[in-house]
Amino acid sequence: MSRTNRLNCIIPPYLLKRLLESEDSEVRQAALDTMLTTARLRGERAVRASFAGVAAPGNGRRTVFDCEQGTFLPFAVLTRPEDGPESADDSVNRAFEGLGLTRDFYREVFQRDSIDGHGMRLDGYVHFGVKFNNAFWDGQQMVFGDGDGKRFGNLTGSLDVIAHELTHGVTDHTAGFEYHRQSGALNESMSDVFGSLVKQWSLKQSAEEADWLIGADVWTPGIDADALRSMKAPGHAFNNPQFGKDPQPDRMSRFIHLPDTEEGDFGGVHFNSGIPNKAFFLTAVAIGGFAWEAAGLIWYEALKASSAEARFQDFADTTFHKAGELFGVGSAEQSAVQSAWQEVEVPVRGVPSGVARARSLAAEGNGGVGRQDGLAALSRHVSELGAKVAGLAKDVAALKAAR
């Protein structure tokens, strides 16, 4: 099976496996059915991968279909085209809106024409399967299950989930990160990063205001959990009897080594994505303001410049150099990138850690925590310097008069 064209699902396999241990037979059955269907779809995805390049351009037009609990997409019923009226089905409308917001984000923020950069049409399929506990991007379309209603709710209910899945398509058409080990964790992290940014952009939230949670709306109300993942605090998104404790690491010394197999999450791609996720969060908050304007741009340009086999170290170096190209060598933005990767124990190559820390402190403007604070500090320094120059000029004039 291709390592660049896997079926990308939002619910990690380790969560579904926990459901197989549930005392509720309906929950167990729904989890088993989800896993079996997903395994079958992965096989179909491997066949379809060779045709991935033939998706017809359509100016990013959206079309939503209703699977009516079936799992054979060609049998799905058209329910809402781009120019059609609003549906009576909330799932259809949520999917339609999420596809549009993601498309518009990439177009307006990065001038990217749909997922592939060439106007790829966006097809969404709702009500996939019976109590299907997942949503996925298969390389050509976005598919949503309804959830089992006991542990997971309808998967169209979370904008960052929709944007996460569609971003797998963006990654396919840019770096094409191979879906295993560190490159696979980067693949998952890119989807979390831009999934969160689409949500922040739609709400016009600053980095400080955002919750930095992925999939906060997928759990049913009876589940004590914040989200599927936390970019701000990997490893702390949930801790409950049904699913245990969030296993994501937040730094390299806690990296989880797993087999490069389906059972091993292809080397722990859903686990270790917490490390680059934390690096992005730290970068965005250090820069401040709207995260998509600087941190997001740096990550997007780094994504386009990366190779399929990139590891964390490679991506850290690329983001650092892109920050220098975009905002200037030694800029507050570049220093924020450098400091963030250092904190998750992936120091940028060629820059001593002491220098990184010193630059970071300087970029924060003596206690400020954002781009605006740094600019304010710079403005104060310029004013103070101007006052000193004016004072020296007066002293010089006084000396000349005395002579």
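The values are calculated or read from the model by the stated rules, or taken from the named source; none is laboratory data. All values reported here derive from a predicted model rather than from experimental measurement. Here the Cβ positions follow ideal geometry from the backbone for every residue, glycine too, while neighbour counts run over all protein chains shown.
The residues of region 64-83 that are assigned to a helix (DSSP H, G or I) and buried (at least 17 other Cβ atoms within 10 Å of the Cβ) amount to a single one, Leu73.
If you go through region 260-278 and pick out every residue that is touching a helix residue (DSSP H, G or I) at 6+ places or on another chain (Cβ under 9 Å) and not in a helix (DSSP H, G or I), you end up with 5.
Residues that are within 28 Å of Leu20 (Cα to Cα) and either surrounded by 21 or more Cβ atoms within 10 Å (Cβ to Cβ) or touching a Ser or Thr at 6+ places or on another chain (Cβ under 7 Å) (or both) within region 97-138 comprise Tyr125, Val126, His127, Phe128, Gly129, Phe132, Asn133, Asn134, Ala135, Phe136, Trp137, Asp138, listed in sequence order. Residues of region 293-305 that are surrounded by 23 or more Cβ atoms within 10 Å (Cβ to Cβ) and in contact (Cβ under 8 Å) with a residue 40 or more places away in the chain: Ala294, Ala295, Gly296, Trp299, Leu303. The criterion of at least 1 residues that are basic (Lys, Arg) is met, among helices (runs of 4 or more DSSP H) falling completely within region 292-354, by 295-305, 312-327. Criterion applied to Asp89, Asp160 was being of a type in the set (D, E, K, R) and over 16 Å from the mean Cα position of the chain (by Cα), and the one residue passing it is Asp89.
Can you name every residue in region 172-217 that is in a helix (DSSP H, G or I) and of a type in the set (D, E, K, R)? Give the steps one after another, and end with the answer.
As a first pass, look at region 172-217 and keep what is in a helix (DSSP H, G or I): 172, 181-203.
If the condition is that a residue be in a helix (DSSP H, G or I) and of a type in the set (D, E, K, R), then Asp172, Arg181, Glu188, Asp192, Lys199 are the ones that fit.
I'm checking my understanding of the structure. Among residues of region 84-96 that are of a type in the set (A, V, I, L, M) and surrounded by 17 or more Cβ atoms within 10 Å (Cβ to Cβ), which one is farthest from Ala291 (Cα to Cα)? Filtering region 84-96 for residues that are of a type in the set (A, V, I, L, M) and surrounded by 17 or more Cβ atoms within 10 Å (Cβ to Cβ), the one farthest from Ala291 (Cα to Cα) comes out as Val92. Of the residues screened, Asp146 is one that is out of contact with any Ser or Thr (no Cβ under 7 Å at 6 or more places or on another chain), more than 27 Å from Ala294 (Cβ to Cβ) and either among the basic types (Lys, Arg) or assigned to a loop (DSSP other than H, G, I, E, B) (or both). When you look at Thr167, is it in a helix (DSSP H, G or I), within 10 Å of the chain's Cα centre (by Cα) and farther than 18 Å from Lys232 by Cα, yes or no? It is true that Thr167 is in a helix (DSSP H, G or I), within 10 Å of the chain's Cα centre (by Cα) and farther than 18 Å from Lys232 by Cα.
Which members of region 164-211 meet the condition of being out of contact with any strand residue (DSSP E or B) (no Cβ under 7 Å at 6 or more places or on another chain) and under 13 Å from Leu101 (Cβ atoms)?
From region 164-211, those out of contact with any strand residue (DSSP E or B) (no Cβ under 7 Å at 6 or more places or on another chain) are 167, 170-191, 193-194, 197-211; that's our starting set.
Thr167, Phe194, Leu197, Val198, Lys199, Gln200, Trp201, Ser202, Leu203, Lys204, listed by residue number.
Scanning region 151-192 for residues that are surrounded by fewer than 24 Cβ atoms within 10 Å (Cβ to Cβ) and of a type in the set (Ser, Thr, Tyr) turns up just one, Thr174.
What are the residues in region 85-122 that are assigned to a loop (DSSP other than H, G, I, E, B) and closer than 22 Å to Lys304 by Cα, if any? Give the derivation first.
Narrowing region 85-122 to residues assigned to a loop (DSSP other than H, G, I, E, B): 85-89, 111-119, 121.
If the condition is that a residue be assigned to a loop (DSSP other than H, G, I, E, B) and closer than 22 Å to Lys304 by Cα, then Gln111, Arg112, Asp113, Ser114, Ile115, Asp116, Gly117, His118, Gly119, Arg121 are the ones that fit.
Among the residues making up region 218-259, those that are in a loop (DSSP other than H, G, I, E, B), touching a Phe, Trp or Tyr at 6+ places or on another chain (Cβ under 7 Å) and modelled with pLDDT under 95 are Val218, Thr220, Asp226.
Could you list, ordered by first residue, the pairs with Cβ atoms under 7 Å in which the first is in region 29-52 and at pLDDT 55 or above and the second is in a helix (DSSP H, G or I), at least 6 apart or interchain? Between residues of region 29-52 that are at pLDDT 55 or above and residues that are in a helix (DSSP H, G or I), the close pairs are Ala31/Leu16; Ala31/Leu19; Thr34/Leu16; Met35/Leu16.
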